[in-house]
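Here the structure is laid out as structure tokens; the discussion comes afterwards.
The values are calculated or read from the model by the stated rules, or taken from the named source; none is laboratory data. None of these values were measured; they are calculated from a predicted model. A quick note on method: Cβ atoms are made from the backbone with ideal geometry, for glycine too, and the neighbour counts reach across all protein chains shown.
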Amino acid sequence: MNDPNPLPAAEAAPGLSQWQRVTGIFSAPSKVFQDVAAGNRSWWLPFLIMILVSYVFFATITMKIGWEQVAQNAIHLNAKTEAKLADAPPAQREIAVKFTRYSMEGAMAASPLLILAVLALGSLGLWGTINFGFGGKAKYGSIFAVWMLASLPSIIKTLLGVIVTFAGMAPESFNLRNFAPTNIGAFLSPTDTNAALYTFATSLDFVTIWTLVLLGMGTAIVARTKRSSGYIAVFGWWAIFVLIGVGWAAAMG
């Protein structure tokens, strides 16, 4: 006989809260990525945190360094541009400085759009790689959410940049391309070191490697592949871009 009052079916365990996902990336990342694999692909809180920290850094640069000085430093660190402008008329150099300043300042101000654009394109490439190259079953939205969550360690590097800048860094030594001591390049002179070597040393960044490890782990989990497949896909793309950057630096240096 059928039970007239059947017990309700056991409900699925609720997903992690937004704050649990953020803190879990630093304490239990696999649990967070399992939550994404279960369909909880929300990424708005990590995005807001990164944007907030980015604008804190933007304000720090504006107050302590000044964007005119940032532009001057960028030109000085580019040997070919510096040599070209050394003999240029003052008006031409002023135009070059203004163009450099507004492009760098504008890019920093538009960081929300840039982050979304980079992650959208990067996630598309990684989604295709893990699915078609390694037989994964990941959804694009899951890869995008994993990448956003895996990027959270970047706030540590940005906050280090804020601390270093407020600690009394000389404005003339500020380098927007390498502003925190999280990589080997931070301990080398960008003007006295071979350009290709400096680029390679800068790519060996602790926070970047941390992010790549998280991204490889999360990609494998949401794609339901071996963990090694996720790492190969992520670090393979990273190695390609590092080689391109080093080659470009060698050609332009």
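In the range 191-223, of all residues being in a helix (DSSP H, G or I), farther than 30 Å from residue 40 by Cα and among the hydrophobic types (A, V, I, L, M, F, W, C), the one that is modelled with the lowest pLDDT corresponds to 195. Would a scan of the range 135-150 turn up a residue that is within 22 Å of residue 36 (Cβ to Cβ) and free of Cβ contacts under 8 Å to residues at least 24 places away in the same chain? Yes, the conditions are met somewhere in the range 135-150.
Go through the residues of the range 172-193 one by one and say whether even a single one is over 23 Å from residue 245 (Cα atoms) and not β-branched (Val, Ile, Thr). Yes: one or more hits.
So that you can scan it fast, the table gives a plain yes or no per residue for (1) over 29 Å from residue 39 (Cβ atoms); (2) among the aliphatic types (A, V, I, L, M):
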| site | (1), (2) |
| --- | --- |
| 191 | yes, no |
| 204 | yes, yes |
| 211 | no, no |
| 217 | no, yes |
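When 58, 33, 47 are checked against the criterion of being of a type in the set (Phe, Trp, Tyr), within 20 Å of the chain's Cα centre (by Cα), surrounded by 14 or more Cβ atoms within 10 Å (Cβ to Cβ) and more than 30 Å from residue 224 (Cα to Cα), 58 stands alone in meeting it.
Okay, residues lined up against (1) of a type in the set (Phe, Trp, Tyr); (2) out of contact with any Phe, Trp or Tyr (no Cβ under 6 Å at 6 or more places or on another chain):
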site: 144; (1), (2): yes, yes
site: 160; (1), (2): no, yes
site: 167; (1), (2): no, yes
site: 170; (1), (2): no, yes
site: 177; (1), (2): no, yes
site: 181; (1), (2): no, yes
site: 190; (1), (2): no, no
site: 205; (1), (2): no, yes
site: 217; (1), (2): no, yes
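For the range 77-126, a residue qualifies if it is under 30 Å from residue 143 (Cβ atoms), surrounded by fewer than 16 Cβ atoms within 10 Å (Cβ to Cβ) and aliphatic (A, V, I, L, M), and the qualifying residues are 107, 109, 110, 113, 114, 116, 117, 118, 120, 121, 124. Under the condition of being hydrophobic (A, V, I, L, M, F, W, C), crowded, with 16+ Cβ neighbours inside 10 Å and touching a residue at least 24 places away in the same chain (Cβ under 8 Å), the residues counted in the range 188-206 number 3. Based on what the data block shows, is residue 115 among the aliphatic types (A, V, I, L, M) and within 21 Å of residue 227 (Cβ to Cβ)? Taking the combined requirement at face value, the residue does not satisfy it. Within the range 162-177, residues that are free of Cβ contacts under 8 Å to residues at least 40 places away in the same chain have Cβ atoms under 8 Å from residues that are part of a loop (DSSP other than H, G, I, E, B) in these pairs: 164/179; 164/180; 164/181, counting only partners at least 6 apart in sequence or on another chain. For the range 173-187, residues that are in a loop (DSSP other than H, G, I, E, B) and surrounded by 14 or more Cβ atoms within 10 Å (Cβ to Cβ) total 8.
Within the range 39-58, residues that are under 16 Å from residue 218 (Cβ atoms) reach partners that are surrounded by 14 or more Cβ atoms within 10 Å (Cβ to Cβ) and of a type in the set (Ser, Thr, Tyr) with beta carbons closer than 6 Å, at six or more positions or on different chains, in the pairs 41/142. Of the helices (runs of 4 or more DSSP H) contained entirely in the range 12-78, those carrying at least 1 residues that are hydroxyl-bearing (Ser, Thr, Tyr) fall at 18-27, 29-37, 44-64.
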